[in-house]
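Here the structure is laid out as structure tokens; the discussion comes afterwards.
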Amino acid sequence: MRKETWNQWMVHWYQFLRYAERKGWIDGIGFELWQAKQRGTSERLIAALRPEEYRAFAGAARTQRLRAGLATFIGTGMRSSEVTALRDHDVPSQTEFAGVLYRPWMIVGKGQKSREVLWPLSAAKAVHAYRLGERRLAIEALKERLRSGRVPIGQTFLIPTANRHGTGF
């Protein structure tokens, strides 16, 4: 919490306690406002990662899914809730970059408001690699568990539909 926020809270609490004291609800508060306030300068709560810290952080991602999420999260500056709410059509394809490393892209952010982020080509590539590799394999494995009856469809996020073969998958 920043020093300014703390001090603002303390002013409100102090005023409330003094009011309660005047009303006779409490005997005394035992301190003065200056004793509860923080002095000096606020420390920075957020600092950018140094390149070696980013490499160590990114190196800890053991799956394509984590690498894609990390590249998107750090590369775009999106909130974690925005990254986790992304759908396939929310991610620009690699062909949409046309020789540039970053592409402006609209997303739905906090409060269902649209906002523009700069999407890096490296993040789009990571998401595409995940889609073609690990994700495809995970979907196929889930479909097989559903077909064999090892997992009931009610325990998944899927909605059964008929495909061209007349089956649910």
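Values quoted throughout were computed directly from the atomic coordinates according to the rules given, and no laboratory measurement underlies them. Computed from a prediction, not measured in an experiment: that's the story for all the values here. No Cβ is skipped: glycine too gets one built from the backbone with ideal geometry, and neighbour counts run over all protein chains shown.
Which chymotrypsin sites (Phe, Trp or Tyr not before Pro) in region 1-37 sit in a loop by DSSP (not H, G, I, E or B) and have at most 14 other Cβ atoms within 10 Å of their own Cβ?
Trp25, Phe31
Determine, for region 1-150, the count of lysine pairs separated by eight or more sequence positions (or lying on different chains) whose alpha-carbon distance falls under 27 Å. Please list the in-between numbers first.
On the way: Lys3/Lys37; Lys3/Lys110; Lys23/Lys37; Lys110/Lys125; Lys113/Lys125; Lys125/Lys143.
So the count of such lysine pairs works out to 6.
Nothing charged except the Cβ atoms of Lys and Arg (+1) and of Asp and Glu (-1): what's the magnitude of the dipole of the chain about its Cα centre? Round to the nearest 20 debye.
For this selection, approximately 340 debye.
For region 60-113, what class follows from the C-alpha gyration tensor (a ≥ b ≥ c being the square roots of its eigenvalues): rounded when a/c is under 1.5, otherwise prolate if a/b is larger than b/c, else oblate?
Cα axes put region 60-113 in the oblate bin.
As a check on your grasp of the helix formula, calculate [θ] at 222 nm for the chain: sum -39500 (n - 2.57) over DSSP H runs of n ≥ 4, divide by the residue count, round to the nearest 500. It would help to have the intermediate numbers written out before the result.
Values: 7 runs with 75 residues, N = 169.
About -13500 deg cm²/dmol.
Only one of the listed values, [x] 49, 25, 16; [y] 35, 20, 17; [z] 44, 17, 11, was derived from the coordinates as semi-axes √(5λ) of the Cα gyration tensor in Å; which label is it?
Calculated semi-axes √(5λ) of the Cα gyration tensor in Å: the matching label is [x].
Specify which residue in the list Gly77, Val100, His89 is farthest towards the positive end of the charge dipole of region 60-102, using unit charges on the beta carbon of Lys, Arg (+1) and Asp, Glu (-1), about the Cα centre.
Checked the options; the winner is Gly77.
If we count every other residue with Cβ under 13 angstrom of Ala126's Cβ, Lys/Arg +1 and Asp/Glu -1, where does the sum land?
Numbers: positive: Arg65, Arg67, Lys125, Arg131, Arg135; negative: Glu134.
Around Ala126, the charge tally is +4.
Would you please give the FRET efficiency between His128 and Glu4, computed as 1/(1 + (r/R0)^6) with r the Cβ-Cβ distance and R0 = 45 Å, to the nearest 0.05?
Calculated transfer efficiency: 0.55.
Looking at region 126-155, which trypsin sites (Lys or Arg not before Pro) are in a loop (DSSP not H, G, I, E or B) and have at most 14 other Cβ atoms within 10 Å?
Details: sites: Arg131, Arg135, Arg136, Lys143, Arg145, Arg147, Arg150; in loops: Arg150.
Answer in residue order: Arg150.
Under the rule that an exposed site lies in a DSSP loop and has at most 12 other Cβ atoms within 10 Å, name the longest stretch of the chain with no GluC sites (Glu not before Pro) of that kind, not counting the sites themselves. Walk me through the numbers before you get to the answer.
On the way: sites that count: Glu32, Glu43.
In short, 44-169.
What is the calculated FRET efficiency for Asp88 to Leu66, with r their C-beta to C-beta distance and R₀ = 22 Å, to the nearest 0.05?
The pair Asp88/Leu66 has a calculated efficiency of 0.75.
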